[in-house]
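Nothing in this text is a laboratory measurement; each read-out follows from the coordinates by a stated rule. Computed from a predicted model, the values in this text were never measured in an experiment. Note that each Cβ is placed from the backbone with ideal geometry, even for glycine, and that neighbours are counted across all protein chains shown.
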Amino acid sequence: MTEDQEFIPTPLAADLKGVFSPPMEGTDAVQKFSDLLKALTLGAVDVGAWSIGHVKAVVEAGQGFISMSSTTEDGNVRTKGELSSVEEWTMTVNVIVFGPDVEDLETMLLEKVESIMPGSKVNVYHAEGCDDPECFDPFCRRPEHVHEDDCDCDRC
Amino acid sequence: MHFVLVSGLLGVGKTTVILNMMDALYESKGHRIMVIENDFGNKGIDGEVMRKYGMDVQELKGGCICCTLKTGLIDTVRVVQANMDPDIIIVEPTGIADPEIIINAVQDCSGIEIDRLSTIIVVDAERFAKTWKMFERPLKNQLKVADIVLVNKIDTVSDEDLDGIKERIKTFGFNGPVEAVQADKGVNMGKLLELFE
């Protein structure tokens with residue numbers, strides 16, 4: 001990894017689950033999921049992203065599957081795959097951007113989900129970075145890096 | 001075993017390149033291929049996408065394979081080679097990985113037999129003008145070890161812009177082949193397959 005701290009992005013991941021009642025036509029559903037991904041990209045810019053690394057998602061509904069990707073500040077979304085009529089669905093989102101605090105990113109994500117997919121269940125996943133100043137891996141979870149010898153946290 | 005590293009900054013289309021490449025390699029040459037994914041993020045989306053398209057994928061999560069997961073990568077390559085003996089292992093690191101560190105790690109490691117090593121660097125035509133300024137150093141690090149550079153998403157730029165991108169890549173010291181591709185549609189991907197002949 002590059003040794004330059006400024007090149008380390010802020011990541012946030014989330015699992016979403018929901019139900020469209022009544023079921024939604026596949027093309028309409030794809031548009032709705034695409035709208036959410038676009039909103040997340042634009043929202044990331046609003047909370048301080050100076051560059052979009054990658055905002056991406058996969059959606060599963062019944063036998064259908066789509067993957068979506070957004071990499072530019074205008075929120076343009078590229079979609080691959082198709083959905084037929086959608087009732088129950090799951091969506092996994094990965095937001096990786098440069099600039100914002102992860103807390104602001106999470107608040108934004110929860111707001112956008114509630115606005116575009118009201119009532120869906122959301123689980124947000126944070127990276128557990130380590131405290132070792134020599135370690136530049138934002139996803140490092142090696143125990144000897146995450147915790148000091150005298151750490152008195154619950155996990156230790 | 002042919003060890004293929006497909007590297008590039010975040011969102012350049014590495015996964016799409018691999019998906020397209022694997023289809024062609026499997027269908028035309030019948031190679032046994034294994035992909036090792038190191039997605040940036042807590043949820044491994046790229047690995048999930050590849051599985052949906054029928055690929056054999058091993059995922060390494062919870063770190064970057066050029067840093068804290070370097071040992072994990074080496075162990076995974078060893079296990080995959082011993083148990084599955086694929087013709088090709090394709091590794092997709094995170095968009096912030098330094099490919100040179102990965103190459104050195106697998107080359108210096110005993111217990112991994114690599115007959116051939118290729119490094120494919122993917123750059124994003126749509127964002128190149130912005131990213132080369134912002135990420136000049138990581139980009140130069142990637143180009144330093146490239147065997148071939150793919151300028152992806154060429155549908156988003158003019159021919160003139162594309163020429164400018166190729167010129168910039170040369171000024172960064174890369175004098176090997178630079179191919180302009182649109183990986184999601186399989187445009188111009190043939191040259192890449194010559195790496196596997």
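The table that follows gives values for the structure above.
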item	result
Rh by Kirkwood over Cα pairs, then Stokes-Einstein D for segment B:51-197 at 1.002 mPa s and 20 °C, µm²/s	128 µm²/s
Rh (Kirkwood; distinct C-alpha pairs) - segment B:111-197, Å	13.6 Å
Inter-chain Cβ neighbour average for residues A:47-53, partner chain, 10 Å	3
FRET efficiency, A:LEU110 to B:ASP155 (Cβ-Cβ, R0 41 Å, nearest 0.05)	0.75
Ratio Rg/Rh [Cα only; Rh per Kirkwood] for segment B:148-197	0.98
Virtual spin-label span in nm between B:MET84 and A:GLU25, 7 Å along Cα→Cβ	4.1 nm
Trypsin sites (Lys or Arg not before Pro) within segment B:4-34, DSSP loop, no more than 16 other Cβ atoms inside 10 Å	B:ARG32
Residue-averaged 222 nm ellipticity for chain B, from DSSP H runs of 4+ at -39500 (n - 2.57), nearest 500	-12000 deg cm²/dmol
Cα centroid separation - segment B:1-59 against segment A:50-67, whole Å	16 Å
Prolate/oblate/rounded label for the protein assembly as shown (Cα gyration tensor, a/c 1.5)	rounded
Cα-Cα over 30 Å, subset of A:LYS112/B:LYS166; B:LYS61/B:LYS166; A:LYS32/B:LYS144; B:LYS14/B:LYS130; A:LYS80/B:LYS170	A:LYS112/B:LYS166; B:LYS61/B:LYS166; A:LYS32/B:LYS144; A:LYS80/B:LYS170
Calculated diffusion of segment A:8-125, Stokes-Einstein form, Kirkwood radius summed over Cα pairs, 20 °C and 1.002 mPa s, µm²/s	153 µm²/s
